[in-house]
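See below for the structure under consideration.
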Amino acid sequence: MNTNEFEKQLSAMSPFEIKGTLIDMAEKNARRSTHTFLNAGRGNPNWILTYPRRAFFLLGEFAMEEAELKPYVAEWGIVASPEQEGIAERFRDFLNRHRDEVGAKVLRHFFTHVTQDLGADPDEFVFELVDGITGDHYPTPPRILKYTEKITQEYLRWAMGGGNDMTEYDLFATEGSTAGMVYMFNSLKANFLMKPGDKIALLTPCFTPYLEIPKLKEYDLEIVYVSANDVGENGYHDWQYPPEEIDKLRDPAVKCVCITNPSNPPSVALSKQVLEQLVDVVKNDNPHLMIITDDVYGTFIEGFKSLMYVLPYNTICLYSYSKYFGATGWRVAAMALRPDNVFDYRLTQLSDEEKKQLNERYSSLTLEPEKLKFIDRLVADSRAVALNHTAGLSTPQQIQMALFSAFAYLHHSDIQPKLIQMIHKRLENLWSTAGFTLRPDPNRAGYYSEIDMMVWAKKFYGEEFADYMQKTYQPLDFVIRLAKQTAIVLLNGDGFDGPEWSVRASLANLNDTDYLKIGAAIRQILDEYHQDYLKAKETK
């Protein structure tokens, strides 16, 4: 099989699957050369926030002390479950004994904030922490623990730009936002809110699973692509959505739209103009549009505002803790839905036969299944309804989520600027050695960078050269050359429905100086294509 044919076949795969092939190529190059293997294809950050983790592990010590107050077989650590009465006072004593430890300082601030500012009952709250971190009961309520929800609501209100909007959104704690994504599609189908052949819109470029899930046979949805791929008159991308693209959502036949905001891979938030147009679309043309927004990168933009606060009635928000906290392995996320929402409204508009079927589906959960809220149906559907009583994110995960939330909320003015500055420095390094112009953009998160090589081919060497590249090579050739010749892995942007010749670099998972090398390697490969072009011209 020739190179062109191999690349053509490979390009049909998800970029996350292609990544494995690129890693093999890059590692081989690193072994037989002086190049250092650099994988900028991963979105996993190379930082972690230690303070809320120290608090978590110290809390675990207190929980074990509590459990061991009542031993059954002490020599083998078989003890009773902790008890609630008086637990807050014992917790204060424990923190005093560990007063000089970072974890204790974090826990004391946490306890004071939740009991005084959020009005939690001290014994009830500390017992939730201890019982939760011990993990000796099913999550109760299954959707999310009582105080964990209040703490997370407060954090999300700040992180998602809620400002003074004190509406208490209903939350569902999930095993990462990827689980939330799957639950969402399953429940939309199970509740007749999305049926085979219905139209779902995707704002692209976007996280690849959003492109792939609607195509699966069990959903069989018609996809309407709303694209930010156009190059402006100045020859650059701004990764925003032209008015004519957003206008596609005015069609009431478009029942649902999936949005990654800030986007992945461009890593750019929706502009004020786009948000205003979306409001106009819903207000005047498609009032019952269901909006699913995945806002994991929102905390990397100061003053970010999620659609959950711009179009609250229509929007369900998925937020993951994986990136900001360096916690992909923790698998903690939350889905947020306003109590009055379009999903519940649409349930009331189903046919009598559909309502009857759904009443039967959820009859084991409540005497009035027709009143079961959509977010509670999400919980039930996540465990095939029958296992609803065992649903929910594991309680130790929920406790870590609560600690993450409170710590980031209480110290947001210190933490957020430092994380933003760190990834922006890496972004600047990448673009500086590539020799490309990084235009200022207040909507840029910078967690990823999507670089359209065709834009820079035209800028540096002209239309004729760009046309030669287009006709001579498969777009995937660029990332393959990069891996084979420089031991660097980037993902192909077209796998995210981005421009054919774009590449995605993660700014999160390597050291600052590594991005200087990556930028130089990107430019090296582009210059190589130009040398091939000049040789081809000479031959002619």
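Here are some notes:
- In terms of packing, defined here as the mean over residues of other Cβ atoms within 10 angstrom, the peptides 525-536, 388-399 line up highest first as 388-399, 525-536.
- Estimated dipole of the range 4-44 in Debye, rounded to 20 [Cβ of Lys and Arg +1, of Asp and Glu -1, Cα centre]: 180
- Taking 0.36 nm per residue of sequence separation and removing the Cα-Cα distance, the Tyr345/Gln524 pair yields an extension gain of 58.9 nm.
- Accessible surface calculations at 1.4 Å, restricted to protein heavy atoms, place the chain at 42 Å² per residue.
- Label point 7 Å beyond Cα of Val102 along Cβ direction - residues of the range 44-84 with amide nitrogen under 18 Å: 46-61
- With every protein chain in place, the range 38-105: carbon and sulfur % of accessible area (1.4 Å): 51
- Under the convention that each Lys and Arg Cβ holds +1 and each Asp and Glu Cβ holds -1, the size of the dipole of the chain around its Cα centre is about 1220 debye.
- For the range 386-540, the relative contact order comes to 30 percent (Cα pairs under 8 Å, sequence separation of at least 6).
- Placing a label point 7 Å from the Cα of Val279 along the Cα-to-Cβ direction, the residues of the range 285-306 whose backbone N falls under 15 Å from that point are 285, 305-306.
- With the helix formula -39500 (n - 2.57) applied to DSSP H stretches of n ≥ 4, the chain reaches a computed 222 nm mean residue ellipticity of -14500 deg cm²/dmol.
- Beta bridge orientation in the chain: antiparallel %, DSSP, nearest 5: 50
- Rough spin-label spacing in nm, given labels placed 7 Å along Cα→Cβ, for Lys535 and Glu222: 5.0
- Spin-label pair Glu302/Lys355, simplified geometry with 7 Å Cα→Cβ offset, distance in nm: 5.2
- On the range 433-538, 47 percent of the accessible area sits on carbon and sulfur atoms, based on a 1.4 Å probe.
- Angle in degrees between helix 412-434 and the longest Cα principal axis of the chain, rounded to the nearest 10: 20
- Here each label is just a point 7 Å from Cα along the line to Cβ, and for Lys484 and Glu68 those points are 6.1 nm apart.
- Answer label for percent of Cα pairs over 43 Å apart (calculated), chosen among [x] 31; [y] 34; [z] 25: [z]
- Counting only Cβ charges, +1 for Lys and Arg and -1 for Asp and Glu, the dipole size of the range 29-87 around its Cα centre is about 960 debye.
- When the chain is described by a simple charge dipole with +1 on each Lys and Arg Cβ and -1 on each Asp and Glu Cβ, the residue from Met401, Tyr324, Pro71 located farthest towards its positive end is Tyr324.
- Selected from Thr34, Cys258, Ser227, residue furthest toward positive end of dipole (the chain; charges at beta carbon): Thr34
- Formal net charge of residues neighbouring Thr299 (Cβ-Cβ distance under 15 Å; K, R +1; D, E -1): 0
- With an a/c value under 1.5 for the gyration tensor axes a ≥ b ≥ c computed over the alpha-carbon atoms, the range 211-331 is described as rounded.
- Ordering Val130, Phe496, Leu107 by the projection of their Cα atoms onto the charge dipole of the chain, which places +1 on the Cβ of Lys and Arg and -1 on the Cβ of Asp and Glu, puts Phe496 at the extreme positive end.
- Of Lys459/Lys484; Lys217/Lys248; Lys459/Lys517; Lys418/Lys459; Lys199/Lys355, those spanning more than 30 Å from alpha-carbon to alpha-carbon: Lys418/Lys459
- Helix 395-410 axis versus longest C-alpha principal axis of the chain: approximately 70°, rounded to the nearest ten.
- Label zone at Asp414 (point 7 Å along Cα-to-Cβ), backbone N below 20 Å, the range 58-88: 58-59
- Here Lys371 is the anchor, and the aspartates and glutamates within straight C-alpha reach of less than 18 Å, apart from those fewer than 8 places off in the same chain, are Asp170, Asp340, Asp344, Asp352, Glu353, Glu354, Glu360, Asp381.
- Relative contact order, percent, the chain [alpha-carbon distance under 8 Å, six or more residues apart]: 23
- Pairs beyond 21 Å (Cα-Cα), from Lys150/Lys272; Lys283/Lys356; Lys471/Lys535; Lys19/Lys458: Lys150/Lys272; Lys283/Lys356; Lys19/Lys458
The values are calculated or read from the model by the stated rules, or taken from the named source; none is laboratory data. All values derive from a computational prediction rather than experimental measurement. Because the Cβ atoms are built from the backbone with ideal geometry, glycine has one as well, and the counts that use them run over all protein chains shown. In case anyone asks, the SASA skips ligands and DNA or RNA and just uses the protein heavy atoms, side chains included. Shrake-Rupley method; radii C 1.70, N 1.55, O 1.52, S 1.80 Å.
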